[in-house]
Structure formats: C-alpha cells, structure tokens
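The values are calculated or read from the model by the stated rules, or taken from the named source; none is laboratory data. Predicted, not measured: the structure shown is a model, and the values here were computed from it. Quick reminder, even Gly has a Cβ in these numbers, built from the backbone with ideal geometry, and neighbours come from all protein chains shown.
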Amino acid sequence: MNFSPVFESRRCANGLTAVVMPRPWLQSACVSVYVRAGSLHESRRLNGIGHVIEHMVFKGSSTRDARRINLDAERLGAEVDAYTDKDHTAFHLRGLAEHAPVFVPLLADLLLNPTFPADEFERERQVLLHEYADDADDPVSVACKLFDTVCFGRHPLAQPVIGTESNLRHFTRDDLASHLQHRYTAANTVVVAAGAVDALAMLDAIESAFAAMPAGVPAEVEPAPFHGGIRSRRLAGGGQLQVMMGWPLPPLGADLRDEATSRLAAAVLGEGMSSPLLEHVREQHALAYYVACSADLVQPAGTFVVEASTAPDQLDAFIGAVRPLLERQAERIDADDLQRARHQLRVRQVRQAENLPRVMEEAALDLLFRGALHTDADRREALESVDAEAVRQRFETLLLQPRALVLVGPVTRAMVQRVGAEADAAQPDESAQAGSGTLGRPASAIASSASS
C-alpha cells in the first residue's frame, strides 16, 4: 500500500509556495506555515531572536490582542502550536476540516501584522529567561549545544536556537520587527494545508491571505566545515556522564539516495537492541543504559552521532568500544543488520506517512531544502537502492575524518586528558581541553525547538 498523499501546489505571485494535500477520508485538517528562518540564519548579536519572534507573534497584531488571538483559535476547538529549529520556524493550526479556510488568514495575520506590544514583550522576556535557565541546567541539552560548537566552531550552525542570556536581555522591539521583515519573506515561506479540504479553494485562500508578504530572496547559508576535537563541561548534581561522539556526513540535499545511505549507516550500527552498538555496549558489557546512534542532516552539514549516558569509571571502556564497532562496519556490512536497518527505516517512513503533521513538515522541508516535492514512493526507492557496499563505504569514509567528543557531568581534567591521549589516537589533529566551552545545539535535535 502506498500512503503518499496526492498534492496540489502553486507558486504564488510573490514567490510563496502553497501546497495542499487533500485527505477526504479525514474529518480534521491542519494548516501550517514553514519559514526558512532559524538560528542558522542569525548573526551572533541576534542569536535567539527567531525563537523570540515565534513567541511574540502570538502576543498581538494590528487587528487583535493576545487574548483575541488565542480565542479566535480556541473557539473553533483548534490546536495552536509553533516551534523554532536550526533551519526553519513553523506555525500550526489544526482542527475541524470545515474550519480550515479560516485557519489561513488567522496564521497570515500573525506573520504579516505583528505589533510586538511593549508590555507583552517585557513579560515574555522573563518567560524566555526562565526557559533559558531551565535549558542551561539540563545536562543533555548542555552536551548537545557544546557538541555543536566542537563540530562547527563559530559557524551559525553551532548557534543554539534559544540564543544567549545576554541577547535575550537586550533584544528590542525594533530588533524583532527588523528581523521579521528581513527573514519572513515569500521566497522563504511554504504554506501547507492537509486534510479533508478542497484543494483549489485552499490554494486560493493561501495566495490571497499571504499576498502582502514581501517577495524577498531565498536565504543562503555557507557550508559548515567540520572541526572536531574534545571539549567538556563539569556539571554538579549528577552521577552520569553525557557523552557525545560525532563524525562529518554529507549535508541534506536533493540526493535522497545519499541521505538514505547516511541514515542506513546509523541504523545498521545503532538502531534497536539487536544492533551492534546496543548489543555490545548495553547488553554484553553493561556500559550504559541509554546509548543511541543517529544521522543528523541539515543543509549546511551532516553529523554521524553516537551518544550515551554512562558512569565516570566506565567512560574509557565506552569510548574504547565505539571505534572498533565502526571499523567492523567499514570492513563488512552484515546482511542481517542491513535487512533489519532497512526495514526499521521503512517502518518509520510508513508511520510518518500516516502522521499528518509529519507529512506536511516533510513536504515543506522538501521545498525549502531539497528543491522538489518527493512522494513516499520516491523515499522508498531511495532506501531500497542503497546496497551493503554503499553503507560500508560510508563507514570507511567516516573513519578518515576528524572526530568530535563531548563530555558533560562529573568530569575531571585528568579524565579529559586521558581520553584525549588514548581514544582514537590515530587522529593527530584532535586536541583535548577541559572547561565550559561555548554552548551550541545539535543540528537535528527537535528538543532544541521551543513551542510557544
């Protein structure tokens, strides 16, 4: 069975792309706006401003105050949500299909007419500072942000979505208005409607509601060179070390097969309890409770990530176990592991195809970053076309690249120096240094996204 939705799309006069995915068997509908504007598109002085804008557009427009904005959605029983990520920001309204045409102007009003009321801004600034403090106390979040810095240095990809405390304290309403005007343009916006809707009527509604959005030009981002190295941060109050290791991968792009190769490699190594990573690290040697592997892909760069929570006295054994596992995959891909990984990714694709918000997001990311809409059949074909040799070569290439290593928790200087001297000693360009480092965020971590 093919779950790919039939879709209709339109390039509007101002350059905005509208997509409608009719699903007449549903009773609900969702309208979402995706903007190619995230922390990746911010200067250091403005890092975090996109996340602030995501919160503040709900606080007042030229026609509605914050209470009216909430009431207009909630009186229809609609769910309102938004998030900011590294490479885009999204706004959603989901409810009854009969109300879908109303959702479009409600969302357009948020993005085209925000007023950023001064009193609301100062209150929300305090909320955002609480969120920042919460984030700074989370060892996993700290590890993820530090990991980005180790991987990508001062490239904007290393900037955290939430920004810096200093920036949050000093942003002005003029900063917000200027950034929105510059980044929230039609060339960088995709509006997707899905559910039991009339395609032509929804395309017309989207084009009409967003006609006043300035055209702009597509946001360009320079490639992010991978640095690597070792960094750490000592955090009191916990007994576990958060460990993240990473190597560079090709970035997100138009080649679905290349993406599938990276994702298959991660699944072969560490998807499921029978995978080599979990079987060796957790099941056979009890080196960690949580251990995972992923391929994090965004447009400027990709990262192959192995992460775990482990005890300080098991750190050396955990780190020492990872490279031999990679080397085995670079020598030969086991047929059972490849079949398992392919089926796991296929099941994930099918589940996503049955999930309306995920289908809509994937369509928007296709248009914003891959250059064309792809169907479920396209993704399945790409996955099936990757053979064992392609996956083996991906591991072989990984092992020729520098490695990033981050430790967060009860870290000691001696620990950092020891793993710097012993782990992956074949990489002469790696350096170890203790200390807090600059905070960043992993490129694909949805946890970095913040709902308003």
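Is it fair to say residue 213 is of a type outside the set (Phe, Trp, Tyr) and assigned to a helix (DSSP H, G or I)?
On the way: of a type outside the set (Phe, Trp, Tyr): yes; assigned to a helix (DSSP H, G or I): no.
So residue 213 fails the test.
For the stretch 66-89, name all the residues that are under 18 Å from residue 180 (Cα atoms) and either among the small types (Gly, Ala, Ser) or outside the structural domain of residue 40 (by TED's automatic domain parsing) (or both).
Of everything in the stretch 66-89, just one residue is under 18 Å from residue 180 (Cα atoms) and either among the small types (Gly, Ala, Ser) or outside the structural domain of residue 40 (by TED's automatic domain parsing) (or both), namely 82.
Going by the structure shown, is residue 312 closer than 30 Å to residue 30 by Cα, touching a strand residue (DSSP E or B) at 6+ places or on another chain (Cβ under 9 Å) and surrounded by fewer than 20 Cβ atoms within 10 Å (Cβ to Cβ)?
Taking the combined requirement at face value, the residue does not satisfy it.
Exactly one condition in (1) without any contact (Cβ under 8 Å) to a residue 60 or more places away in the chain; (2) under 24 Å from residue 372 (Cβ atoms) is false for residue 71; which is it?
It fails just one condition, (2).
All but one of (1) at pLDDT below 95; (2) on the phi > 0 side of the Ramachandran plot hold for residue 137; which doesn't?
The single condition residue 137 does not satisfy is (2).
Of the residues in the stretch 170-179, how many are in a helix (DSSP H, G or I) and either of a type outside the set (Gly, Ala, Ser) or loosely packed, with under 11 Cβ neighbours inside 10 Å (or both)?
Selection size over the stretch 170-179: 6.
Quick one: which of 194, 254 is under 24 Å from the mean Cα position of the chain (by Cα), within 30 Å of residue 346 (Cβ to Cβ) and crowded, with 21+ Cβ neighbours inside 10 Å?
194
Name the residue that is modelled with the lowest pLDDT, counting only residues in the stretch 374-387 that are touching a helix residue (DSSP H, G or I) at 6+ places or on another chain (Cβ under 7 Å) and either surrounded by 16 or more Cβ atoms within 10 Å (Cβ to Cβ) or not assigned by TED's automatic domain parsing to the domain that holds residue 327 (or both).
Going through the qualifying residues, I end up with 376.
I'd like to verify a number: residues in the stretch 73-98 that are outside any strand (DSSP E or B) and over 14 Å from the mean Cα position of the chain (by Cα), how many?
Of the residues in the stretch 73-98, 8 are outside any strand (DSSP E or B) and over 14 Å from the mean Cα position of the chain (by Cα).
Only one of 255, 296 is at pLDDT below 95 and among the acidic types (Asp, Glu); which?
Result of the check over 255, 296: 255.
Looking for whichever is among the basic types (Lys, Arg) and in contact with a Gly (Cβ under 9 Å, 6 or more places away or on another chain) here; the options are 23, 36. Which one fits?
Matching residue, one of 23, 36: 23.
Report, by residue number, each residue of the stretch 132-169 that is among the aliphatic types (A, V, I, L, M), farther than 12 Å from residue 231 by Cα and part of a helix (DSSP H, G or I).
133, 136, 140, 157, 158, 168
Return yes when residue 327 is touching a Leu at 6+ places or on another chain (Cβ under 7 Å), in contact (Cβ under 8 Å) with a residue 24 or more places away in the chain and assigned to a helix (DSSP H, G or I) and no when it is not. If you could, list the steps in order and put the result at the bottom.
On the way: touching a Leu at 6+ places or on another chain (Cβ under 7 Å): yes; in contact (Cβ under 8 Å) with a residue 24 or more places away in the chain: yes; assigned to a helix (DSSP H, G or I): yes.
Answer is yes for this residue.
Give just the number: which of (1) surrounded by fewer than 16 Cβ atoms within 10 Å (Cβ to Cβ); (2) at pLDDT below 50 does residue 440 not satisfy?
(1)
I need every pair where a residue in the stretch 40-57 that is modelled with pLDDT under 95 has its Cβ under 9 Å from the Cβ of a residue that is part of a loop (DSSP other than H, G, I, E, B), sequence separation at least 6 or different chains.
Taking only residues 6 or more apart or on different chains, not a single pair turns up.
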